[in-house]
Amino acid sequence: MGTYPSLSQILMEGYPPEWVPFLIITGVLSVALMVLDVWMVIQHKSFSTSHPIQFISTVGVLQVFPLFAVMHFVGMLVPLSHDVTLYLCEGYEALTFLFFLRLVLTFLGGKKATKKALKGKETHLNVVPCCCFFCLPTVKFTRKYFIFCEFLIVLFAFYSIVIGFADLVITLDSSEGALGGVSTTFGIVYHIVLLVLLIFSIYGLSGIYHSAEDLLHHRGIVRKFLVYKIFTVGAKLLDVVTGTLVHQEVITDGFDYSSIFPASLRIRNIVAFIVVVGAAICFPLAIIFYSVKDYDKCEIKVNSKAIEVSAKEDQV
């Protein structure tokens, strides 16, 4: 896949002239996203005392946009850091599942309250992404079902961070010529399993959400989830596909366009540019969807009176 230039080589020879405008645009967008991120945190900060868990969960999910943008920009400036920045993006994206799960549980009054509110309630097993499997039965929501859904989400986060770190170490070793074949095989297996666990984690979130859909319909949970998940999945697919083409030598050094910049690096920089532009589009939408007005809505308390009040409000 070619040897990427070090920062010292880049400083001596400079970037290819045709790439400088893209670097400037990417840098400006990354800085703009960081400024917007600071403004968003300030807007939510006033609720950090009254709604601490909701504040941490909301801000935690929204950090995925500036983080992805900055990491991909750094990967463009310092090509040798690409694998590290990609790992940081994947690891944090996995953490957002935990933040989002915690946000949903906060809307329901907490983990214990959620179990009490949904205990014995009928729930469908054919939820996203298994919505096409109509043969799946309807079961009652139990503590074991909740633990199962939660386990799928935690497993994805654990795998992305721990096994992803192992993949990073092997990849960095292979760049020195030590584990080339092992790196390619391990990387392919790692990303295939990661994709499967991603699907399972989405299923876990969907299972909890659909069980409590009547209590969460006014929270805009679906759009909150989709606005960041479509962005992160799209970015991940672009990175994985590009990385596979590079490692399989579909993109070779025979297409060099610079003495120190291989063609594979140009393709990865294009992907990074697309990701940053996508973050600049999706982040403002996410701020709108994760509105501070959510803090003003009373959290659902799981007791008979609260359920009666909720039912009356729905009727009105």
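Mind checking which pairs have a first residue in region 141-157 that is under 17 Å from PHE99 (Cα atoms) and a second that is open to solvent by 70 Å² or more (accessible area, probe 1.4 Å) and assigned to a helix (DSSP H, G or I), Cβ under 6 Å, 6 or more apart or different chains?
Sorted first by the residue in region 141-157, then by its partner, the pairs are LEU152/PHE200.
Looking only at region 212-257, filter to residues that are modelled with pLDDT under 65 and open to solvent by less than 30 Å² (accessible area, probe 1.4 Å); which one of those is farthest from the chain's Cα centre (by Cα)?
Ranking the qualifying residues of region 212-257, first place goes to ILE251.
Residue by residue through region 48-70, note down the ones that are over 29 Å from VAL20 (Cα atoms) and not in a helix (DSSP H, G or I).
Scanning region 48-70 gives SER48, THR49, SER50, HIS51.
Would you confirm, using the coordinates I've provided, whether SER160 is among the polar types (S, T, N, Q), over 20 Å from HIS217 (Cβ atoms) and at pLDDT 90 or above? If you could, list the steps in order and put the result at the bottom.
Numbers: among the polar types (S, T, N, Q): yes; over 20 Å from HIS217 (Cβ atoms): yes; at pLDDT 90 or above: yes.
Answer is yes for this residue.
Could you list all residues from region 106-147 that are surrounded by 13 or more Cβ atoms within 10 Å (Cβ to Cβ) and either of a type in the set (Phe, Trp, Tyr) or in contact with a Cys (Cβ under 8 Å, 6 or more places away or on another chain) (or both)?
Within region 106-147, PHE107, ASN126, LEU136, PHE141, TYR145, PHE146 qualify.
Which members of region 76-130 meet the condition of being of a type in the set (S, T, N, Q), out of contact with any Gly (no Cβ under 9 Å at 6 or more places or on another chain) and without any contact (Cβ under 8 Å) to a residue 60 or more places away in the chain?
Once the filter is applied, which keeps residues that are of a type in the set (S, T, N, Q), out of contact with any Gly (no Cβ under 9 Å at 6 or more places or on another chain) and without any contact (Cβ under 8 Å) to a residue 60 or more places away in the chain, region 76-130 yields only ASN126.
Is it the case that some residue within region 71-79 is assigned to a loop (DSSP other than H, G, I, E, B) and in contact with a helix residue (DSSP H, G or I) (Cβ under 8 Å, 6 or more places away or on another chain)? Let's see the steps before the verdict.
Keep residues of region 71-79 that are assigned to a loop (DSSP other than H, G, I, E, B), which gives 78.
Now narrow it down to the ones that are in contact with a helix residue (DSSP H, G or I) (Cβ under 8 Å, 6 or more places away or on another chain): 78.
Yes, that holds for at least one residue.
What are the residues in region 23-70 that are among the β-branched types (Val, Ile, Thr), in contact with a helix residue (DSSP H, G or I) (Cβ under 8 Å, 6 or more places away or on another chain) and free of Cβ contacts under 8 Å to residues at least 40 places away in the same chain, if any? Walk me through it before giving the result.
Here is the first cut: in region 23-70, the ones among the β-branched types (Val, Ile, Thr) are 24-26, 28, 31, 35, 38, 41-42, 49, 53, 56, 58-59, 61, 64, 70.
Keeping just the survivors that are in contact with a helix residue (DSSP H, G or I) (Cβ under 8 Å, 6 or more places away or on another chain) gives 25-26, 41, 53, 56, 58-59, 61, 64, 70.
Answer for region 23-70, where residues must be among the β-branched types (Val, Ile, Thr), in contact with a helix residue (DSSP H, G or I) (Cβ under 8 Å, 6 or more places away or on another chain) and free of Cβ contacts under 8 Å to residues at least 40 places away in the same chain: VAL41, VAL59.
The values are calculated or read from the model by the stated rules, or taken from the named source; none is laboratory data. This one's a predicted model, so the numbers in the text were calculated from it and none came from an experiment. No Cβ is skipped: glycine too gets one built from the backbone with ideal geometry, and neighbour counts run over all protein chains shown. What goes into the accessible areas is simple: the full protein's heavy atoms, side chains included, and nothing from ligands, DNA or RNA. Shrake-Rupley method; radii C 1.70, N 1.55, O 1.52, S 1.80 Å.
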